[in-house]
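The values are calculated or read from the model by the stated rules, or taken from the named source; none is laboratory data. On a predicted model such as this, the values are computed, not experimentally measured, just so you know. Here the Cβ positions follow ideal geometry from the backbone for every residue, glycine too, while neighbour counts run over all protein chains shown.
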Amino acid sequence: MSDLINTTIIIATVASGIRLATPFLLASLGESIGQRSGVLNLGVDGVMLLGAFAAYYTVLKTGNLFLGIMIGLILGALIGLFYAFITVNLQAQQGVSGIGIYLFGLGMSDLLFQKLVGTPRPIMPFRILHIPLLSDIPIIGEMFFDHSLIVYVAFLLVPLLSLIINRTTYGMNIRAIGENPEAADSLGVSVGGIRYSALIIGNMLAGLAGAALAIELGIFQHNLTNAMGFIAIALVYFGAWRPLGVMAGSLVFGVVAAIVLQCKTLGLIPRSASDLAAMAPAIITILALVVVANRFRQPTALTKPYVRGG
């Protein structure tokens, strides 16, 4: 009997960890694309908040989950376009402009929520999508193949983006511009164009991350992300700017967070230590980041504006 209970707890914890990892994974994948092109975006959390509110409000008013996801993607693309103009055309300092995007997203999402909604009202989340045959596998099926559509999409993006970055001309151009934009420009590659597209794609994924978070939770509130975007940026370094590495970091964070939640539910963590325990995922991520990040080199042109002939 105890073995059955322990197995059930482990299955629930791992499955919960995968769900918790999804917003981090989407945001980190998007940020890794932007950074590989040489542009740092510290505004990821603000984009997630705006994407979360846009998706939440759309679903609240229409009941259409897929429309909510699309609105989150479109809003992310528009912010990406604006951020690209600031950093590529105006060559603004990336750290400062990114923080500006974050503060704008934090304030605007709260303002819109207060004016248009007022008090938290629940929405219907995505239904669990059982994968035929795979979801019937004992233990493994319950852990990995009993999730909502957005979870599957997030993890399917990992091999897709790996293929694009490592095996296509577009991906090669992104990597070349992130390492040596002068050389790429001399070969006829549009540095500005590639960075524009990378930032638009990256912010679309950040908007999708926010939309996924709000819809999965079925609610929106002030500062819903609780600095998830900044953790996502750290996970890019943890994953060495590679989709598979980013996925590994996201899963570590998600599973540790799920373990903490499970321990709280089972009463294994005293109430007096609950706040400290809640910090465990971030602390473990930071420690792992310190160990892993020093082994890899960031893109050479990261945070450096490019001026032709400069």
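Taken over the stretch 189-233, the criterion of being assigned to a helix (DSSP H, G or I), among the small types (Gly, Ala, Ser) and over 11 Å from the mean Cα position of the chain (by Cα) is satisfied by GLY192, GLY193, SER197, ALA198, ALA214. Among the residues of the stretch 104-117, those identified as of a type outside the set (Asp, Glu), closer than 30 Å to THR303 by Cα and surrounded by 16 or more Cβ atoms within 10 Å (Cβ to Cβ) are PHE104, GLY105, LEU106, SER109.
For every residue, the table says whether it meets (1) of a type outside the set (Phe, Trp, Tyr); (2) in a helix (DSSP H, G or I); (3) surrounded by 13 or more Cβ atoms within 10 Å (Cβ to Cβ).
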residue: TYR102; (1), (2), (3): no, yes, yes
residue: THR119; (1), (2), (3): yes, no, no
residue: GLY141; (1), (2), (3): yes, yes, yes
residue: ILE174; (1), (2), (3): yes, yes, yes
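For the stretch 32-68, the candidate set comprises residues that are hydrophobic (A, V, I, L, M, F, W, C) and surrounded by fewer than 24 Cβ atoms within 10 Å (Cβ to Cβ); within that set, the residue that is farthest from the chain's Cα centre (by Cα) is LEU60. In this structure, is ILE79 out of contact with any Gly (no Cβ under 6 Å at 6 or more places or on another chain), at negative phi, surrounded by fewer than 24 Cβ atoms within 10 Å (Cβ to Cβ) and in a helix (DSSP H, G or I)? Spelling it out, it is not the case that ILE79 is out of contact with any Gly (no Cβ under 6 Å at 6 or more places or on another chain), at negative phi, surrounded by fewer than 24 Cβ atoms within 10 Å (Cβ to Cβ) and in a helix (DSSP H, G or I). Within the stretch 119-168, being of a type in the set (A, V, I, L, M, F, W, C), over 21 Å from GLY63 (Cβ atoms) and free of Cβ contacts under 8 Å to residues at least 12 places away in the same chain holds for LEU133, LEU134, ILE137, ILE140, LEU156, LEU160, LEU163, ILE164.
The residues on offer are GLY38, GLY34, and the sole one that is on the phi > 0 side of the Ramachandran plot and not basic (Lys, Arg) is GLY38. Scanning the stretch 10-17 finds one or more residues that are closer than 21 Å to GLY239 by Cα, of a type outside the set (Lys, Arg) and surrounded by 16 or more Cβ atoms within 10 Å (Cβ to Cβ). Taking (1) exposed (fewer than 14 other Cβ atoms within 10 Å of the Cβ); (2) modelled with pLDDT under 95; (3) of a type in the set (A, V, I, L, M, F, W, C) in turn, ILE123 satisfies each apart from (1). Here PHE296 fulfils each of the conditions (1) in contact with a Phe, Trp or Tyr (Cβ under 9 Å, 6 or more places away or on another chain); (2) part of a loop (DSSP other than H, G, I, E, B); (3) modelled with pLDDT under 70 apart from (3). Among the residues making up the stretch 176-188, a single one is closer than 21 Å to TYR83 by Cα and surrounded by fewer than 18 Cβ atoms within 10 Å (Cβ to Cβ): GLU179. Within the stretch 82-95, restricting attention to residues that are among the aliphatic types (A, V, I, L, M) and not in a helix (DSSP H, G or I), the residue that is farthest from the chain's Cα centre (by Cα) is LEU90.
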